[in-house]
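> The structure that follows is given in the form of structure tokens.
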Amino acid sequence: MIEIIPEIGRIDEYVRLSEQYSLGFEYNDFFDPDLLENESAVRERIRQYRQLGRPGKTDTMHGAFFDLVPFSWDSVISRHSQYRMQQSAEIAAQLGCRAVIFHAGLISEYVKGERYYRNWLETMASVARKLTAQSGVEVYYENVQEAAPTELAVLADSLSDESRFGICLDVAHMMLTKGAPPEDWFRELAPYIRHFHMNDTHLSTDDHLALGCGSIDWKEIFGMIGRYGLTGRSMLLEVNGLEKIKLSLEYLEKAGVLS
């Protein structure tokens, strides 16, 4: 399943495109703190999306992430972060999404020893279990600034008994961190990957370019997806606007990925 990010202001065009290519949606509205603080606006946005009559469990949602540190030693910050994550999971459930995606949040370069890492590991595992149990939706953690896949693999392994947990591998983030080669990321995380975020970059910043418009070797990436048995995993084209989405779809068609 290929997914795109819909725009509520042009939703009819996105629905038509999704029907043309059998695309899923990944809703990106609900990580906006201003929206989340406005309960009536949240209810209205949920209503607008629900009236589309999307097929159940085909879509995903990106959860809140701005300034969230659920494993913070500051209890106020930790509570608020976990509140936002719970809010996101509940919204995803109301939208009928199969999964909600959160940033894993480990900043490897600034790890201050075993206590920091252990607190991250235990808290993020506990939060994932709580969110899946309370909302019923799957929870995926996305790599952002993690320098290498090992810590995420340890976290995912600690949740191996939780069938509703998985990893969202963001390919551009993986390429930008440069802490480990792509092969390492796929080898270590393949058993846990449920979802991909895909956009191109010139490898200096997260440009969110259309596929084929940057410097990522997508032939190598799709080769590893096939080699590690991940062909059936959902993939978000994480680009904004219909022009970039269509360019990415054209690239996938030429590459033989989109039939």
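> For Leu121, only one of the following conditions fails: (1) more than 20 Å from Leu236 (Cα to Cα); (2) under 16 Å from the mean Cα position of the chain (by Cα). What is its number?
Just one mismatch for Leu121, condition (2).
> Scan region 177-184 and give yes if some residue there is farther than 16 Å from Asn143 by Cα and part of a loop (DSSP other than H, G, I, E, B), otherwise no.
no
> Is there a residue in region 73-93 that is in contact with a helix residue (DSSP H, G or I) (Cβ under 8 Å, 6 or more places away or on another chain) and at pLDDT below 95?
yes
> Mind checking which residues of region 100-133 are hydrophobic (A, V, I, L, M, F, W, C) and at pLDDT below 90?
If the condition is that a residue be hydrophobic (A, V, I, L, M, F, W, C) and at pLDDT below 90, then Ile107, Val111 are the ones that fit.
> Here is a list: Leu247, Leu252, Leu258, Leu203. Which entry is in contact with a Gly (Cβ under 8 Å, 6 or more places away or on another chain) and either outside any loop (DSSP other than H, G, I, E, B) or in contact (Cβ under 8 Å) with a residue 60 or more places away in the chain (or both)?
Leu247
The values are calculated or read from the model by the stated rules, or taken from the named source; none is laboratory data. Keep in mind that what you see is a predicted model, and the values were worked out from it rather than measured. With ideal geometry, Cβ positions are generated from the backbone for all residues, glycine too; neighbour counts draw on all protein chains shown.
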